[in-house]
Structures are given as structure tokens and as C-alpha cells.
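Nothing in this text is a laboratory measurement; each read-out follows from the coordinates by a stated rule. Just so you know, these numbers come straight off a predicted model, no measurement behind them. Methodologically, a virtual Cβ is constructed for each residue, glycine included, from the backbone with ideal geometry; neighbour enumeration extends over all protein chains shown.
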Amino acid sequence: MSTILKIFVFPASLLIMCLGILTILGGHITPGGGFQGGAMIAGGFIFCAVVYGLKENPLNFSHSFMAAMESIGALTYIFIGLAGLVFSGFFLYNLGVDLNNLVPAFIQNIFDYPDPIHAGIIPYLNLMVGLKVLVGLSAVVIAFMQFNHVRENDDSDQDA
């Protein structure tokens, strides 16, 4: 790719990622949330990966990093849901905003999101969904780019 494109892409992708983080963090009071924000962050990564390539990408996500982020996202989502099941009897019960007075006060204080809207566990769930979407979309693009790289190497070996 051209030098001008490489100079432009990295700052632009950082801005796209910041917008994705903002979408995730404000997802409980605005349209958007985990899926949309995770897709924006993955879009910033994909933007860099397409222009720089996988080897020169300044936002290089290793396999272990992506596996850890996906595991953290899935397990935390499930644990938050199970906490609702344990303390209220309902899976994914909003422990931070206990409308039915089922949850002890100390548990309600742990999951209370410090916001005037009192969203409870919703922002935490948005964050976990954002991690899953970020890793999922990025992994698809990385797999396609690696497959294309392997195919190009096989074609060049056959020509030689």
C-alpha cells in the first residue's frame, strides 16, 4: 500500500476504536451497545490489517490475546448471569437495579453501575458482548488473510 495511506490509517483506526469504546460504554443510555461498539473496534483493527498486512500491523492481536479476550468475555457474561440466578432466582437478573427487592443490599451495591440512570449490570454485559464481537470479527478477517497468504505462497511454489 502507499505511504500516504499508511500514514492516514493508523490514527484513523485509533479514532474508530475510540468511538467503538464510547458506543459500548454509553450503550445503556443510547442506541448501540456491545455489538455495535465491538464491530467498530474490530473495524478499526481490520482497517489497519488490510492496509499494513498481518505482519506489519501496528495493532497486532496475537492468538493468545484473542483467545484470552474471547474467554474473558464469554465467562464473565455467564458469571454475571449466574450471579443473578444465585441471588434472585433468575438468570441475568439485573442485580444493580433490584426492582423486585430480591437481592441483598451488599450484592446490589457490588453490581450498581455508578450512573444517574442506574443501569445495573447492562453496561458490564455490553462490555463483554463487545469483547466477543471484537474477537469474532477480527478472527474471521485474520483467518481469511492468512488463507490468502498461504494460497499465494502455494501458487508461487508451483510456478517455480
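In plain terms, the residue of Glu70, Glu152 with the fewest other Cβ atoms within 10 Å comes first and the most crowded comes last, giving Glu152, Glu70. Length gained on full extension, Leu85 to Ile7: 23.1 nm, using 0.36 nm per residue less the C-alpha separation.
Once the Cα-Cα distance is subtracted from the 0.36 nm per residue extended length, the Leu54 to Leu75 segment shows a gain of 4.7 nm. In the set (i) 117; (ii) 101; (iii) 127, the label that goes with volume of the Cα convex hull per residue in Å³ computed for this structure is (iii).
Ordered by the count of other Cβ atoms within 10 Å of each Cβ, fewest first, Leu134, Leu19, Leu125, Leu5 give Leu5, Leu19, Leu125, Leu134. Figure legend: label point modelled 7 angstrom from the Cα of Arg151 along Cα→Cβ; no residues of the stretch 43-57 have amide N under 13 Å from it. Can you tell me the 0 to 90 degree angle between the C-alpha axis of helix 34-52 and the longest principal axis of the chain, rounded to 10? Compared with the principal axis, the helix lies near 20 degrees.
A Gaussian network model of the chain, with springs between Cα atoms under 10 Å, assigns the largest mean-square fluctuation among Gly73, Gly33, Gly81 to Gly81.
A dipole drawn for the chain from +1 and -1 charges on Cβ atoms has a positive end, and of His149, Ala49, Phe91 the residue lying farthest that way is Phe91.
Over the chain, dividing the summed -39,500 (n - 2.57) contributions of all DSSP H runs of at least 4 residues by the number of residues returns a 222 nm mean residue ellipticity of -24500 deg cm²/dmol. With the charge dipole of the chain set up from +1 on Lys and Arg Cβ and -1 on Asp and Glu Cβ about the Cα centre, the Cα lying farthest toward the positive end among the listed residues Ser2, Gly120, Val133 is that of Gly120. Computed about its Cα centre, the charge dipole of the chain is approximately 320 debye, with only Lys, Arg, Asp and Glu carrying charge at their Cβ.
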